[in-house]
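Down below is the structure, laid out as structure tokens.
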Amino acid sequence: MENFKYPSSPPSKRMRGAETIDSEGPYRLLYCSSKGDTDGVVQELEKGVEPNLADYDKRTALHLASCEGCTEVVVLLLEKGADVNSIDRWGRTPLSDARSFGHESICKILEANGGIDPVGLDSQIPCYTIDYSEVNMNDAILIGEGSYGEIYLVKWRGTEVAAKTIRSSIASNQRVKNSFMKELALWQKLRHPNIVQFLGVLNNCNRLIFLTEYLCNGSLHDILRKKGRLDPQTAVAYALDIARGMNYLHQHKSHAIIHRDLTPRNVLQDAAGRLKVTDFGLSKIAQEKDVLGYKMTGTTGSFRYMAPEVYRRESYGKSVDVFSFALIVHEMFQGGPSNLADDPEQVADKRAYEDSRPPLSSYVYPEPIRILLQKCWHKNPDFRPTFEDIILELESIQDKFQTTEPMPSRCRCSIL
């Protein structure tokens with residue numbers, strides 16, 4: 001499952017980089033549980049640390065011990081009153097984690113203590129595999145770099161597809177590799193016009209490579225870099241594409257899929273001019289182990305598009321994607337980030353602690369767009385609209401644009 005470095009206290013206002021583990025802090029219980037350190041767990045519990053202490057992703061010591069296969073710690077925590085059915089941010093219980101990583105003895109212990117697995121088959125469905133011989137990686141053309149590795153253009157059964165390689169630092173860690181496979185197995189079940197289609201994982205190869213549909217027009221980042229500011233009609237049409245894809249993810253059953261790394265680079269355009277969201281759900285496990293333990297996912301995603309609560313390492317929900325969405329829409333009207341020359345982490349810091357937001361000139365942003373953006377990047381996550389609400393507002397704005405002047409062709413707008 002996810003890799004974390006547990007802090008002993010909330011980060012300071014001007015924190016830079018990951019914290020070191022405080023061996024005396026209460027979060028040491030989580031660290032010791034993940035390491036199978038029974039004596040350390042006993043020491044923390046004797047200090048009065050609650051057995052159900054959770055990190056900001058709602059993952060308890062029992063979650064971590066279960067996914068790491070630490071049987072003695074699991075038994076100890078249950079004896080000390082740990083909640084066998086505590087649910088983390090992704091709707092997973094300790095039993096869900098134990099099943100995902102094949103720890104059968106721990107599964108039996110958890111089930112004997114009333115453990116349930118609410119995600120059910122999502123924990124166990126294998127990822128669709130494609131024989132390595134079907135794709136000639138020697139002829140692959142490098143077309144870019146993603147969050148997790150390089151991206152190549154290859155042919156599979158006569159069709160051009162994208163092959164995404166995972167960094168060796170991730171793929172070589174079997175536990176993290178299993179987490180990727182679990183997320184990809186979920187991705188393969190998703191079907192939506194504004195979601196990039198997952199095709200499968202190559203087997204019998206030394207690297208972890210998965211295939212997705214290839215979108216020939218590149219990313220929204222590429223579009224903005226080449227075209228600059230988009231006309232309002234096109235910007236709204238693109239915003240609707242993104243919002244519809246994100247709404248599909250957020251309404252996924254049995255639990256929502258939070259992207260956590262929604263940026264212009266993770267929005268691609270197909271030949272028809274439609275935008276599609278990609279690389280969702282993978283960011284939470286794309287963290288590398290370090291020598292001290294685990295890195296927190298507070299730095300997950302790109303700083304420039306990061307919601308304040310994520311930067312502050314606070315509990316968060318689906319509205320983090322709404323915040324990122326607002327910044328993307330802002331860029332489409334302006335032609336790029338307003339603070340491109342500034343250090344991305346400093347930008348995130350000011351947004352998190354000084355409530356800084358990009359300017360909204362009335363010359364560039366129509367009034368209904370300004371109002372919508374202000375709602376979407378509200379400092380209180382509870383006050384941000386859902387993507388379902390955003391779609392309704394954008395459709396209303398689009399209708400008003402269409403009554404004042406003709407809507408430009410989507411195909412013509414998509415030409416790079």
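Every number here is computed from the coordinates shown, using simple stated rules; none is lab data. Bear in mind that the values here come from a model prediction, so they are computed numbers and not experimental data. Cβ placement follows ideal geometry from the backbone for every residue including glycine, while neighbour counts extend to all protein chains displayed.
Among residues other than residue 331 whose Cβ falls under 11 Å from its Cβ, what is the net charge (Lys/Arg +1, Asp/Glu -1)? Mind showing how you got there, number by number?
Values: positive: 225, 229, 304; negative: none.
Net of charged neighbours comes to +3.
Ranked highest first by the average count of other Cβ atoms within 10 Å around their residues, in what order do 320-333, 220-233 fall? Walk me through the numbers before you get to the answer.
Numbers: 320-333: 24.8, 220-233: 17.3.
The packing order, highest mean first, is 320-333, 220-233.
Quick check on the stretch 129-213: take the gyration tensor over C-alpha atoms, sort the square-rooted eigenvalues as a ≥ b ≥ c, and tell me if it's rounded (a/c under 1.5), prolate or oblate.
On the way: a/c = 1.43, a/b = 1.08, b/c = 1.33.
Note, shape of the stretch 129-213 comes out rounded.
Find the Rg to Rh ratio for the stretch 28-119, where Rh is the Kirkwood radius over alpha-carbon pairs and Rg uses the same atoms. Don't skip to the answer; put the middle values down first.
Working: Rg = 11.5 Å, Rh = 12.5 Å.
Looking at the stretch 28-119, the ratio lands at 0.92.
What nm distance separates the two modelled labels at residue 315 and residue 116, each placed 7 Å from Cα along Cα→Cβ?
2.0
With r as the distance between the Cβ atoms of residue 169 and residue 362 and R0 = 45 Å, compute the FRET efficiency 1/(1 + (r/R0)^6) and round to 0.05. Provide the component values of the computation, followed by the final result.
Values: r = 47 Å, r/R0 = 1.05.
About 0.45, to the nearest 0.05.
For residue 191 paired with residue 46, estimate the spin-label separation in nm (one decimal), with each label point 7 Å from Cα along the Cα-to-Cβ line.
It is 5.8 nm.
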